[in-house]
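Q: Here it is, the structure in full.
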Amino acid sequence: MKIESVDFFYLSMPVVTDAGDGSQDALVVRLRAGGIEAWGECEASPLTSIASFVCPMSHGACRPVGASVLGEDVSTPADIARIAATIQWNSMDLLQAAHTWSGVEIALWDLLGKKRGEPVYKLLGYQRAYPKTPYASQLFGDTAQQTLEFCRAAREAGYRAVKCGWGPFGRGSVKNDADHLVSAREGIGPEGILLIDAGQIWGEDVAAAEARLPILEQVRATWLEEPFNGSAYEAYGALAKRPSSVKLAGGEAAHNIHMARHTIDIGKVGYIQIDCGRIGGIGPAKQVADYAVGKGVTYVNHTFTSHLALCASIQPFAGLPDHRICEYPVKPQPMAWEMCKTHIAPDANGDVRVPEEPGLGMEIDRAAMKKYLVDAEITVGGKILYRTPSLD
Ligand SMILES: [Mg+2]
């Protein structure tokens, strides 16, 4: 199948705030080939990513992503990997390329699955998809009392695991963080799995993170996520050396497989969290999952946008029964929820599974997307390089 078209749709809430909430806008990819329409989603700043698909070539190592994609033949997973390798070479100095390509790559898996009548996880070599335990992924409250209420609400909604992140955590005193952590534990109850996301707040300040370890242990946090900059592998490694019941989690910042391996090998994380919309798509994410299995590290999806992205994010570890915990955005913005007609809902046991339908098995809601579609145009020297395409 020849890739005939790749269209980018920039969706946004009417107002975007500085909250650590990645569901406020989205970049959705529609790919057409062989009479099939397939969908993917980038996890990135939408306009920047569109630009990296259409921008004029700067030099040989800085070519637009689109030049390596459009017109290419795709009939096997190896073809997807071939295009990925071409982009890596042709766009090596275009740092947004991996994020742009990620959404296209996800759409290519959707395409192959639809063509073959198989779900994506089977194309990845898994025989079956195992249930995952979704954790309610949410932000810390502004106050400890609000954190308690958020966590209690997640528990009452049936979640056995809750993650609190960003917000005020790490920005004030150790005492303030302790108040939030104690409240979070109280909210989810003694049995709940409690996960904490520091959102890179301490840069590479190992001592600042270490000061929180006793209270993290006291509230029985399972992991401390992203205490440091996503590439500060040595800081992760230094903190991981401290004897503690709290393991480190990280890897969402990886926009290539090498960064993910460094997070495991140098950063010594216990949980590697991969965002398919950033690392280059489902293929490299599956390679990280295989690598994690070999290293005794648990693979976890990272996702904070729509259920299209959620579905893509679960595929790489769908067939790993022991890698059970799964990020599940619990309070997405209306745009991120409405853009899909199908959703991955928890079953009676509170578990989630990827669809068994061909490809990603997700149906897009065009009417809903139209409500949030941002009209944009990129013009260079009087020539239109991008204009928001029609959703029809
Ligand atoms: Mg995170």
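Q: Those residues that are assigned to a helix (DSSP H, G or I) and either within 16 Å of the ligand (Cβ to nearest atom) or touching a Cys at 6+ places or on another chain (Cβ under 6 Å) (or both), I need them from the range 212-223; list them, please.
A: Leu216
Q: Looking at Leu124, Leu139, Leu111, which one is within 16 Å of the ligand (Cβ to nearest atom) and closer than 26 Å to Phe317 by Cα?
A: Exactly one residue qualifies, and that residue is Leu139.
Yes/no per residue for (1) surrounded by 21 or more Cβ atoms within 10 Å (Cβ to Cβ); (2) closer than 30 Å to Ile193 by Cα:
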site: Arg63; (1), (2): yes, no
site: Pro77; (1), (2): no, no
site: Asn90; (1), (2): no, no
site: Leu108; (1), (2): yes, no
site: Val120; (1), (2): yes, yes
site: Gln127; (1), (2): no, yes
site: Pro131; (1), (2): no, yes
site: Leu139; (1), (2): yes, yes
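Q: Taking the range 8-21 on its own, how many of its residues are in contact (Cβ under 8 Å) with a residue 12 or more places away in the chain and either surrounded by fewer than 16 Cβ atoms within 10 Å (Cβ to Cβ) or out of contact with any strand residue (DSSP E or B) (no Cβ under 8 Å at 6 or more places or on another chain) (or both)?
A: Count: 2.
Q: Condition first: in contact with a His (Cβ under 8 Å, 6 or more places away or on another chain) and within 16 Å of the ligand (Cβ to nearest atom). Now tell me which residues in the range 147-166 satisfy that.
A: Cys164 - this is the single residue of the range 147-166 that is in contact with a His (Cβ under 8 Å, 6 or more places away or on another chain) and within 16 Å of the ligand (Cβ to nearest atom).
Q: Within the range 224-254, can you find the residues that are within 16 Å of the ligand (Cβ to nearest atom), surrounded by fewer than 24 Cβ atoms within 10 Å (Cβ to Cβ) and of a type outside the set (A, V, I, L, M)?
A: Asn229, Gly230, Ser231, Lys247
Q: Please note which strands (runs of 3 or more DSSP E) are completely contained in the range 241-329 and include at least 1 residues that are touching a Cys at 6+ places or on another chain (Cβ under 7 Å).
A: Here the list reads 298-301.
Q: With free of Cβ contacts under 8 Å to residues at least 12 places away in the same chain, more than 16 Å from the ligand (Cβ to nearest atom) and more than 16 Å from the chain's Cα centre (by Cα) as the only criterion, which of Glu377, Glu363, Glu356 stands out?
A: From the options Glu377, Glu363, Glu356, the qualifying one is Glu377.
Just so you know, all these numbers are worked out from the coordinates, no wet-lab data involved. If you're wondering where the values come from, they're calculated on a predicted model, not measured in any experiment. Here the Cβ is made from the backbone with ideal geometry for all residues, glycine too, and neighbour counts use every protein chain on show.
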